[in-house]
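Only one structure is covered here, and it is reproduced in the block below.
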Amino acid sequence: MANEPEATLINDDLAPTTPEGRTWTVRHMASLWIGMVVCVPTYMLAGGLIDLGMSWWQAVLTVGLGNLIVLLPMVLMGHAGTAHGVPFPVLARASFGVFGANVPALLRGLVACGWFGIQTWIGGSAIYQLLGALAGRQGGADLPLLGLNAAELACFLAFWAIQVAIIWRGIDSIKVLETWAAPFLIAMGLALLGWAWVRADGFGPMLEAPSQFAPGGPQEGRFWAVFFPALTGMVGFWATLSLNIPDFTRYARSQRDQILGQALGLPAFMILFSFIGVAVTSATVAIFGQPIADPTVLLGRMGGGVAVILSLIALSLATLSTNLAANVVSPANALVNLAPRRISFRLGSLITAALGIAIFPWKLIESTQGYVFTWLVGYSALLGPIGGIILVDYYLLRRTALDVAGLYRLDGPYRYRRGYNPAALAALAIGIAPNVPGFLAQAGWVGGVPAFFSTLYTYAFFAGFALAGAVYWLLARRQG
């Protein structure tokens with residue numbers, strides 16, 4: 001029959017969510033976000049901005065503002081998942097074409113693989129610190145070419161294996177994990193804050209120190225030069241989820257559930273946990289005589305008592321809840337979309353997990369400069385244009401109306417030219433291109449880049465989003 005879905009475009013993982021499958025409430029959506037927010041990178045986020053010269057309140061404010069900004073595309077993109085029950089790769093077919101959608105889906109998926117590796121490394125570090133605290137030993141000989149010792153590698157692989165075991169159980173296991181983990185993680189974060197306050201008799205010198213940008217400071221007058229790329233990095237922190245949030249909102253009972261759940265779970269808890277990270281790090285100056293920004297290292301220094309063991313378990317749980325939701329679902333669905341008849345969600349997840357090892361994730365987060373300006377800002381330059389194209393297509397051109405059946409047909413309205421939409425692919429290339437020179441300069445791969453491109457790169461997400469969206473709107477209207 002002409003209206004039957006094409007077997008190469010659908011399987012059980014890509015099919016629209018049925019009414020019976022839409023069971024996620026405000027609590028589930030908020031818990032999803034809390035579980036993703038409470039993680040080591042969030043804890044260290046504001047501290048990284050302090051390293052760049054900000055005061056604690058400037059850093060926390062920047063984190064909060066970035067998350068308020070990214071909440072808007074998050075909710076707008078989430079609407080499509082709830083309204084039509086389709087995951088992100090299928091939604092992308094409307095603008096990029098039934099085959100062209102593989103381009104944005106795989107780009108988003110590759111970024112998630114990088115994040116999966118980073119979070120797995122952090123979770124393995126928590127296990128390593130726990131064992132070190134229990135055994136009273138640290139360190140070991142590095143392995144050639146890897147830059148870590150055998151015990152660290154073993155803990156990394158052990159944490160990886162735990163995640164694979166959960167992945168094997170499917171998407172419902174992630175929902176259950178997030179729902180139960182959220183209140184426990186909040187309680188443990190507040191307990192750590194209380195411990196720091198008591199031990200340091202306050203929160204230490206970092207919360208009292210002026211910004212390095214203050215008059216007479218070493219970086220006087222340079223605040224805005226750091227603020228805008230830092231804000232772009234904060235937006236980029238969740239730019240990944242702002243694209244594939246339909247992978248989750250497709251299970252929401254209503255638009256109210258997805259909107260309110262996201263609004264409650266994202267900005268407030270990003271601000272809270274960033275503040276906890278800054279305050280506890282500041283307190284460590286008074287407690288240990290030096291700032292300890294990495295909570296895995298801090299908990300290892302606290303000894304081997306029950307409280308420390310419980311804290312390290314909580315840290316591992318936090319990393320699990322973030323990684324499985326934020327960094328497995330998207331690449332798994334992207335791979336399923338690539339070959340629905342050959343790849344299931346389970347197999348796609350396992351491929352993602354394998355790639356997470358292959359990238360040597362400990363190398364991506366060696367420095368604050370590389371983490372914020374190269375990694376966070378860099379991939380926001382890649383994902384911003386994708387978001388601009390899809391949102392312009394969904395809201396301005398289609399007014400949120402989709403032919404859902406047509407998304408699964410080769411001869412439907414989203415075939416364009418042999419399954420690819422030239423307007424979307426051209427807009428994507430144009431949206432990414434201006435930020436490439438700035439990224440190459442920031443990564444240290446080229447020199448002598450004109451100042452214009454370096455400045456533009458500090459607004460990478462915003463520039464790419466706006467440019468690609470505008471170009472797509474013009475080309476799509478001419479294309480008819």
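General observations
- Hey, Leu407 of a type outside the set (Gly, Ala, Ser) and either within 30 Å of Val226 (Cβ to Cβ) or surrounded by fewer than 22 Cβ atoms within 10 Å (Cβ to Cβ) (or both) or not: no
- Given (1) modelled with pLDDT of 85 or more; (2) in contact with a helix residue (DSSP H, G or I) (Cβ under 7 Å, 6 or more places away or on another chain); (3) not basic (Lys, Arg), index of the condition Met206 fails: (1)
- Restricting segment 439-451 to residues that are part of a loop (DSSP other than H, G, I, E, B) and of a type outside the set (Gly, Ala, Ser) leaves a set whose member that is nearest to the chain's Cα centre (by Cα) is Trp445.
- Residue within segment 379-386 that is touching a residue at least 40 places away in the same chain (Cβ under 8 Å) and over 19 Å from the mean Cα position of the chain (by Cα) present: no
- In segment 146-196, the qualifying residues are those that are of a type in the set (Gly, Ala, Ser) and touching a Leu at 6+ places or on another chain (Cβ under 7 Å), and the one that is nearest to Pro331 (Cα to Cα) is Ala181.
- Criterion: hydroxyl-bearing (Ser, Thr, Tyr), farther than 23 Å from Met77 by Cβ and modelled with pLDDT under 95 - qualifying residue of Tyr379, Tyr457: Tyr457
Conditions tested, residue by residue: (1) touching a strand residue (DSSP E or B) at 6+ places or on another chain (Cβ under 7 Å); (2) surrounded by fewer than 23 Cβ atoms within 10 Å (Cβ to Cβ); (3) not in a helix (DSSP H, G or I).
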| site | (1), (2), (3) |
| --- | --- |
| Tyr414 | no, no, yes |
| Leu428 | no, no, no |
| Ile432 | no, yes, no |
| Pro437 | no, yes, no |
| Phe453 | no, yes, no |
| Leu456 | no, yes, no |
| Phe461 | no, no, no |
| Leu467 | no, yes, no |
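- Extreme residue, modelled with the highest pLDDT, among residues of segment 209-258 that are surrounded by fewer than 23 Cβ atoms within 10 Å (Cβ to Cβ) and of a type in the set (Gly, Ala, Ser): Ser254
- All helices (runs of 4 or more DSSP H) inside segment 1-110 with 2 or more residues being within 18 Å of the chain's Cα centre (by Cα) and either modelled with pLDDT of 90 or more or surrounded by fewer than 21 Cβ atoms within 10 Å (Cβ to Cβ) (or both): 26-37, 56-84, 88-96
- Any hit, segment 272-295, residues being of a type in the set (Phe, Trp, Tyr) and more than 23 Å from the chain's Cα centre (by Cα): yes
The values are calculated or read from the model by the stated rules, or taken from the named source; none is laboratory data. Owing to the predicted nature of the structure, the values given are computational and were not obtained by experimental measurement. A quick note on method: Cβ atoms are made from the backbone with ideal geometry, for glycine too, and the neighbour counts reach across all protein chains shown.
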